[in-house]
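Below is one structure; the comments refer to it alone.
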Amino acid sequence: MKLKYYSFLASAALMLAAACTPDDHDLSAPELTADDLVEGKAYKVEIDQATNKVTMTSLLGNKYVTSWIHPQGIEKKNSTEARIPFAGEYELKFGIMTRGGMVYGEPYKFTINTTNGDLLTDPLWTYLTGGADQSKTWVMDHGNLDLGSFTFINYFMGWDKFTDGKEYQASDYPDVDDVNWAWGAGEPDWMFAADVYASMPELTFDLINGANLTVNGVTKPFVMDPDRKTLTMPTGVKWLAPDVADNWLVDWVNLELVKLNEHVLGIKAIRNDGAGGNGDQRIVICYVEKGWDGTWPSGGPSAELAPVQQPSYDNLAESLFTIVGSDASYLGTATTLLLNDETPYDYMWWNGAVKQDGAPTGAWQWIGNYGTPSAPAYPAIDDFALTLERNNGTYKASLETIDGASASAFTIEGNKLVFEKEITLLSVDNISISGKEFTVMVCDPDNEEIVLGVPAAKDETGAVNRYLCARLKIKPIGGGQTGPTVLAVDNNYVNSYLESGDHYRIELYNAFYDEDGLYPIDITKLRFKKGQTIKIRFTLSGIDWKADSDPKVLLAHNFDKDLDPFTWPSGGAGFDVPSAVSLNKNGETEISLTNTSDKTLKFEGTSCLTICIQQKGLVNSPVDADGNIDASQVTASVTSLTIE
């Protein structure tokens, strides 16, 4: 594995030395050397692989001023801890203050075995990287959209000032003339020439196979601690313009965050006092999201996250017993739930930073801990079955697991199933999903999924913001569909025409053009689940195509928020896209659409299913006065429509 060690510059160690005086430790204590500072003798390191917590404790008592350099920063403490989200190999150093200055022992190497997604739920991860499996690029704030590129501040200022708006009291810092002094310098010419500011590289942070920073094509792991508000840059990556970090910063690896939201990143560093002789100053280097124009939604940056909203349902009693087949939905008297084959259980958390139309709405999301020490793999997936039955307003559950069978009556109260007896859905190691009340986190018959959860954590208001959940799938009727679903097509109702003198259309469904609601297919059956593909075969007759023509075909839809957005062709253009296929001018043409979203898609409302065929300049006959295809002389026939 790649070594993830974030070392300190020698100047950082000198800074610590300068910050300590002989009064800070016992001068009668034995003088120690770097060789004495070894794990097990001078300090100990304890690692909880279930939570990725690393506890560091000095064994030297209070006779020495001790310091730690670890993956989440530096701290002058006898003991401390770090919570490291990602699996990998790491190092830390332990040091003491001596008469000759700060002395560190050799690095202590340790391993984190698995990634703990529970440590990535803080919204700051989403702000910085865009979220799980995403990346986000930041550019220096050249246009003064927020703080401006460089701001000079007092040494004690941080997140409390630039995010929380704290006003400091003179009595707290008697050594400082103006405790609230901060100077937004922007890009002054006495610091750098214009071409130096322009050469400041972009920073791309991602959460793709770990936490990574890419600068000028070089990608290395970084560490952020949302609680400490620290950002540890990878050693050796020059994330500022050449020579800027070396000449202006004491340390450009171990940094603080003073501001981080959807569009603004403020990084605090220690100014190199040799440049200007300005005492104990700090610099804030400000970045903004690439492409941001400086505007905010009406509510401003969402430092206020959307409050927790528990799941709700219009008719949970009905949805629980709805079974969606290949050609119809059924409201059963019983339903059997099985464990998800890949992820039988996991944690769900409330992400208050999720936005919709620019406003924070929040959403329940999976953490992704299954298979790690904090959520060990469950070995008895195939031995599980939970059957729910209903009879005249009463409900009963029968549960079979590897541990045996049990049964209990239950009621449906709001978004909860409340059992008469305590039941255990599953148990593995120290994890148990059990109790009398289970919150229905997901009830989605279309995608054959039911999720039942028990509280695992609360926020500062007391609202449950994390659940330990059993992820269940609805057992299909009769074992489920074994082949493609075939939908009948009545070609008497196929609407085909020339669209605006541009391209030829075959409409299977389009709410804007078929106001009478008479479609060639049964719209209630035109739905496809995640991973399914709609395949349509059709023929065109009555057209004499030019010999060298290669007309293209597109399948149009309006699922722009769920699938790759579709752009309607216009002016003879728009057919040169990967999804286009060549028309079989003398036979059947097949065109398809795959549901790559995470939910079932239905053709209703403003959605459509339209075949678009390129024709401009490609047809010999029949043509109209403008040289376009004469649709009245063409016969379109849909030969098959399947969902598979």
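The values are calculated or read from the model by the stated rules, or taken from the named source; none is laboratory data. Nothing here was measured: the structure is a model prediction, and the numbers come from that model. FYI the Cβ positions are ideal-geometry reconstructions off the backbone, even for glycines, and counts take in every protein chain you see. Accessible surface is based on the protein model in full, side chains and every heavy atom, while ligands, DNA and RNA are left aside. Shrake-Rupley method; radii C 1.70, N 1.55, O 1.52, S 1.80 Å.
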Would you kindly state how much longer the chain becomes between Asn415 and Val577 on full extension, computed as 0.36 nm times their sequence separation minus their alpha carbon distance, in nm to one decimal? 53.8 nm
Grab the other residues whose beta carbon is less than 15 angstrom from that of Asn180, score K and R as +1, D and E as -1, and report the net. -4
How far is helix 10-19 tilted off the main Cα axis of the chain, in degrees rounded to 10, range 0 to 90? 60 degrees
Mean residue ellipticity at 222 nm from the helices of the chain, using -39,500 (n - 2.57) per DSSP H segment of n ≥ 4 over the full residue count, to the nearest 500 deg cm²/dmol? -1000 deg cm²/dmol
Point-to-point label distance, Ala241-Ala407, nm (Cα→Cβ direction, 7 Å offset): 7.8 nm
List every residue whose amide H lies under 5 Å from the amide H of Val264, counting only residues 5 or more places away in sequence or on a different chain, with H placed 1.01 Å from N in the peptide plane. Glu289
Taking amide H positions as placed in the peptide plane 1.01 Å from N, state which residues far from Thr115 in sequence (5 or more) or on other chains have amide H under 5 Å from it. Ala87
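Given Cα pairs under 8 Å that are at least 6 residues apart, what percent is the relative contact order of the range 391-461?
Reported relative contact order: 19 percent.
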Here the range 135-148 yields Karplus 3J(HN,Hα) values (6.51, -1.76, 1.60; θ = phi - 60°; whole Hz; Gly and Pro given as x) of 9, 8, 10, 10, 10, 4, 6, 4, x, 6, 6, 9, 7, x
Sorted by accessible surface (1.4 Å probe, heavy atoms of the protein chains only), largest first, Ile450, Ile523 come out as Ile523, Ile450
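Using the Cα atoms as the points, what is the convex hull volume per residue of the chain in Å³?
Each residue corresponds to 221 Å³ of Cα convex hull volume.
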Could you tell me which of rounded, prolate or oblate describes the range 139-212, using a ≥ b ≥ c as the square roots of the eigenvalues of the alpha-carbon gyration tensor, with rounded for a/c under 1.5 and, failing that, prolate when a/b is larger than b/c and oblate otherwise? oblate
Net dipole in debye of the range 35-162 [+1 Lys, Arg Cβ; -1 Asp, Glu Cβ; about Cα centre; nearest 20]: 440 debye
Sorting check: for 333-339, 486-492, which peptide has the highest mean count of neighbouring beta carbons within 10 Å, and how do the rest follow? 333-339, 486-492
A student applying the Cα gyration tensor rule (rounded when a/c is under 1.5; otherwise prolate if a/b is larger than b/c, oblate if not) would label the range 335-459 oblate
Calculate the dipole size of the chain relative to its Cα centre from +1 charges on Lys and Arg beta carbons and -1 charges on Asp and Glu beta carbons; express the result in debye to the nearest 20. 1020 debye
For the range 78-85, in order, what is each residue's ³J(HN,Hα) by Karplus, 6.51 cos²θ - 1.76 cosθ + 1.60 with θ = phi - 60°, in whole Hz (x at glycine and Pro)? 6, 8, 7, 8, 10, 10, 10, x
From the phi of every residue in the range 49-66, what ³J(HN,Hα) in whole Hz does the Karplus formula 6.51 cos²θ - 1.76 cosθ + 1.60 yield, where θ is phi - 60° and glycine or proline is x? 5, 6, 10, 6, 8, 10, 9, 10, 10, 6, 9, 9, x, 9, 7, 10, 7, 10
For the pair Phe152 and Thr333, how long in nm is the line joining their label points, each one 7 Å along Cα→Cβ? 8.3 nm
Two pseudo-spin positions, 7 Å from Cα along C-beta at Leu59 and at Gln633, lie apart in nanometres by 9.6 nm
Mean accessible area per residue over the range 368-416 (1.4 angstrom probe, all protein chains present, square angstrom) is 52 Å²
Mean Cα-pair separation over length for the range 534-644, i.e. relative contact order, pairs under 8 Å, 6 or more apart, %: 48 percent
Rounded to 0.05, the calculated FRET efficiency for the beta carbons of Asp522 and Ile431 at R₀ = 45 Å is 0.50
Spread of Cα-to-Cα distances over 5 Å intervals beginning at zero, given as percent, for the range 44-123: 3, 14, 26, 22, 15, 10, 6, 3, 1
Taking the chain and dividing mean pair separation by its residue count, relative contact order in percent (alpha carbons under 8 Å, at least six apart): 9 percent
So which trypsin sites (Lys or Arg not before Pro) in the range 42-112 end up in coil per DSSP with only 15 or fewer other C-beta atoms within 10 Å? Lys63, Lys77, Arg99
Per the 1/(1 + (r/R0)^6) rule, R0 = 30 Å and r from the Cβ atoms of Ala377 and Val38, FRET efficiency to 0.05 is 0.25
Expressed as a whole percentage, what fraction of the accessible surface of the chain belongs to carbon and sulfur atoms when a 1.4 Å probe is rolled over the protein heavy atoms? 46 percent
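Please tell me which of these pairs span more than 26 angstrom C-alpha to C-alpha: Lys63/Lys229; Lys93/Lys268; Lys136/Lys229; Lys109/Lys458; Lys109/Lys268; Lys421/Lys475?
Flagged as over cut-off: Lys63/Lys229; Lys109/Lys458; Lys109/Lys268.
How much length would be gained if the chain were fully extended between Thr387 and Glu318, taking 0.36 nm per residue of separation minus their Cα-Cα distance, in nm to one decimal?
23.3 nm is the gain from fully extending Thr387 to Glu318.
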Given a Förster radius of 41 Å and the C-beta distance between Glu167 and Ser199 as r, what FRET efficiency does 1/(1 + (r/R0)^6) yield to the nearest 0.05? 0.65
